[in-house]
Amino acid sequence: MLHLATDADTGQIVASVLTGRDADDGSQVGPLLDRVDGSVASLSGDGAYDRDDVYVAMAARHPGAAVVVPPRANAVPSAAAETAPTQRDEHLRCIAERGRIGWQRASGYNWRALVEADISR
C-alpha cells in the first residue's frame, strides 16, 4: 500500500492505493500524485517503491516531501552519496548505523504499518 500525506505532524492521508499482485507498484505513484491537490509532505510505502522513478517523481512534484520507503536489502548508495546524498542515501546511512528497526523508528516507517492496520479494520 502507498500513502501520501499532506501534513507531516498529523499524517493526514490524502490519497492511497492498494495494488494487486500483477500491478507494477512504482507505476502507481504518478497517477496517485495526479489525484492530490496541494502539497504533499510525505510518501510512504513498502520496499516495492524503492525505485529511482518514485524518488524522481516525488522530487519533481513535491521537492520537500519525505519519501519513507525501506531500501532493498541489497541496496547500495548512489555515486554522489558522499557529496550530495539523496533521501535514499540517508536511509541507507541510518540503516548502517542503527539497523533496520532503528531506521523504522527514526523515519516514522512504523506509522505506515499502524495506518494500514487501521484501514484493514
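Name every residue in region 11-25 that is closer than 16 Å to residue 66 by Cα and either in contact (Cβ under 8 Å) with a residue 60 or more places away in the chain or touching a Phe, Trp or Tyr at 6+ places or on another chain (Cβ under 8 Å) (or both), in order of residue number.
11, 13, 16
Within region 34-55, work out how many residues are under 21 Å from residue 79 (Cβ atoms) and surrounded by 12 or more Cβ atoms within 10 Å (Cβ to Cβ).
Number of matching residues: 5.
I'd like to check something: does region 70-81 contain any residue that is buried (at least 18 other Cβ atoms within 10 Å of the Cβ) and within 26 Å of residue 32 (Cβ to Cβ)?
yes
Out of 51, 121, I need the residue that is modelled with pLDDT under 90, among the charged types (D, E, K, R) and within 22 Å of residue 16 (Cβ to Cβ). Which one? Give the derivation first.
Numbers: 51 fails: modelled with pLDDT under 90.
Only one candidate passes the filter, namely 121.
The values are calculated or read from the model by the stated rules, or taken from the named source; none is laboratory data. Quick caveat, the model's predicted, so the values are computed rather than measured. Because the Cβ atoms are built from the backbone with ideal geometry, glycine has one as well, and the counts that use them run over all protein chains shown.
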